[in-house]
1. Using a Gaussian network for the chain with springs between C-alpha atoms less than 10 Å apart, which of these wobbles most: Gly64, Gly37, Gly75?
2. Step through the residues of the stretch 33-42 one at a time and calculate ³J(HN,Hα) from phi using the Karplus curve (6.51 cos²θ - 1.76 cosθ + 1.60, θ = phi - 60°), rounding each to whole Hz and writing x for Gly and Pro.
3. Explain nothing, just the number: dipole magnitude of the stretch 31-87 about its Cα centre with +1 on each Lys and Arg Cβ and -1 on each Asp and Glu Cβ, in debye rounded to the nearest 20.
4. Just to verify a number: what accessible area does Glu43 come out at with the full protein assembly present, 1.4 Å probe, Å² rounded to tens?
5. Quick check on packing: order 115-124, 90-99 by the mean number of other C-beta atoms within 10 Å, highest mean leading.
6. Rank Trp54, Ala29, Thr3 by how far each Cα sits towards the positive end of the charge dipole of the stretch 1-65 (+1 on Lys, Arg Cβ; -1 on Asp, Glu Cβ) and give me just the farthest.
7. Could you look at the chain and say what percent of its accessible area is carbon and sulfur, using a 1.4 Å probe and all protein chains?
8. So how much accessible area does Trp12 have, in Å² to the nearest 10, using a 1.4 Å probe?
Amino acid sequence: MDTIKVVCGIIWSDDKIFVCRRKQGKSMAGYWEFPGGKIEPGESQQEALKRELWEELEMEVEVGDYLGKSEHDYGSFLIELYGYHCSLLTYKGKLSDHNSYQWVTTDQLIEIDLTPADIPLAKRLIGKEE
């Protein structure tokens, strides 16, 4: 089984967190996630996160502390998801792999349909780790 290494940003602004909904035609369409993407060979996790956020959203962030790692077996592949706290620098509303975004409180994270790989990171944020 293939393992895909992915990095995501827990992007903060005014005590809210940025989440995106995956658009139709993409795997996990309709689910919300912390944005990010695949780590390319030779890239650090932080470099990959900055690149992916710029490519997909034209968003600039300051990458901060490491939140943790989540693993999820999707059947045909395994995701290793690395999460980092980020501070928003600029964002003008571009969406390419997503059809919507919203700013949510930590309490609202448990109310939205997050991808299975994102759920452990959300639980860590709200202090309800398993």
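1. Gly75
2. Along the stretch 33-42, the couplings run 8, 7, x, x, x, 5, 8, 7, x, x Hz.
3. 120 debye
4. Accessible area, nearest 10 Å²: 50 Å².
5. 115-124, 90-99
6. Working it through, the farthest residue towards the positive pole turns out to be Ala29.
7. 44 percent
8. For Trp12, solvent-accessible area is about 80 Å².
The values are calculated or read from the model by the stated rules, or taken from the named source; none is laboratory data. Predicted model, so just to flag it, every value in this text is computed and none were measured. A quick note on method: Cβ atoms are made from the backbone with ideal geometry, for glycine too, and the neighbour counts reach across all protein chains shown. To get the accessible areas, we keep the full protein, side chains included, count just its heavy atoms, and leave off ligands, DNA and RNA. Shrake-Rupley method; radii C 1.70, N 1.55, O 1.52, S 1.80 Å.
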